[in-house]
Amino acid sequence: MVSLAAFAPVVVAFVLAAQSGLAQNADQIEVLNLVNQYRQQRGLSPVCLEQHLINASQAHSQDMANMNNLDHTGSDGSNPGDRVRRAGYNWNYVNENIAVGYQTPTDVMNGWKASPGHNANILSSSVRHMGLGVVNGPCPWGGSSCRWWTQNFANTRDTSIVCLGSGNPTTTTTATSTRTTTTTTTTAPPTPTCTCPPTNPLKRRSISSFSSEDL
């Protein structure tokens, strides 16, 4: 079990389960936009949503909520690399960020960005695709409704793997009198409401990270 105070990155070996997930929803699109804005600020290429990664992320969020346990190891002994591969994505690089108790995409992204291991996963130059899964479930510290988050980034040599939508991250170019800037954006329906714990204190939130490369 990952401690509720744990912020350090975790590296583990592989074994896992895959299930079907969701197509794009409001949380996924908002996190994608926040990720790509952040990556653009650091001079990195945008990523796009990918269905196999969404499936793996959604299944793990549901599994963690069912177990009421924030952990990269699933109830069947699986870990992120196994889950992503079983979902149909033959990765050569994969990482995972998980969290519980953060109410909104902005909240959870700020939590991940403030932690070196999670921040490194978001800003990896090795990734092209992202999946996000979020479900409501019990709170590890008591209470009936917390949001459980899983974010997977990955890359693959499999040319059959494509982005959701147009097949590439969507970019719009805005001209100004002095420069041109490119921003990755996507639209989505409103985010559903959630009865979640207060944004403070940190003891009512927890995060953990994982990364691995198939050399």
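For Asn110, the requirement of being out of contact with any helix residue (DSSP H, G or I) (no Cβ under 8 Å at 6 or more places or on another chain), surrounded by fewer than 24 Cβ atoms within 10 Å (Cβ to Cβ) and free of Cβ contacts under 8 Å to residues at least 40 places away in the same chain is met.
Please go through the stretch 101-139 and give me each residue that is touching a Leu at 6+ places or on another chain (Cβ under 8 Å) and not in a strand (DSSP E or B), ordered by number. Answer for the stretch 101-139, where residues must be touching a Leu at 6+ places or on another chain (Cβ under 8 Å) and not in a strand (DSSP E or B): Pro105, Thr106, Met109, Leu123, Ser125. Among the residues of the stretch 45-62, those that are open to solvent by less than 30 Å² (accessible area, probe 1.4 Å) and not hydroxyl-bearing (Ser, Thr, Tyr) comprise Val47, Cys48, Leu49, Glu50, Leu53, Ile54, Asn55, Ala56, Gln58, Ala59, His60.
Taken over the stretch 77-94, the criterion of being open to solvent by 10 Å² or more (accessible area, probe 1.4 Å) and either in contact with an Asp or Glu (Cβ under 8 Å, 6 or more places away or on another chain) or assigned to a strand (DSSP E or B) (or both) is satisfied by Asn90, Asn92, Tyr93.
A residue that is closer than 24 Å to Ala59 by Cα, at pLDDT 55 or above, out of contact with any Phe, Trp or Tyr (no Cβ under 8 Å at 6 or more places or on another chain) and open to solvent by less than 60 Å² (accessible area, probe 1.4 Å) can be found somewhere in the stretch 158-170. Of everything in the stretch 63-76, what is open to solvent by less than 10 Å² (accessible area, probe 1.4 Å) and assigned to a helix (DSSP H, G or I)? Give them in sequence order. Hits for the stretch 63-76 are Met64, Ala65.
The values are calculated or read from the model by the stated rules, or taken from the named source; none is laboratory data. Quick caveat: nothing in here was measured; it's all calculated off a predicted structure. Note: ideal-geometry Cβ built from the backbone for every residue, glycine included; neighbour counts use all protein chains shown. Calculation scope for accessible area: heavy atoms of the full protein, side chains included, ligands and nucleic acids excluded. Shrake-Rupley method; radii C 1.70, N 1.55, O 1.52, S 1.80 Å.
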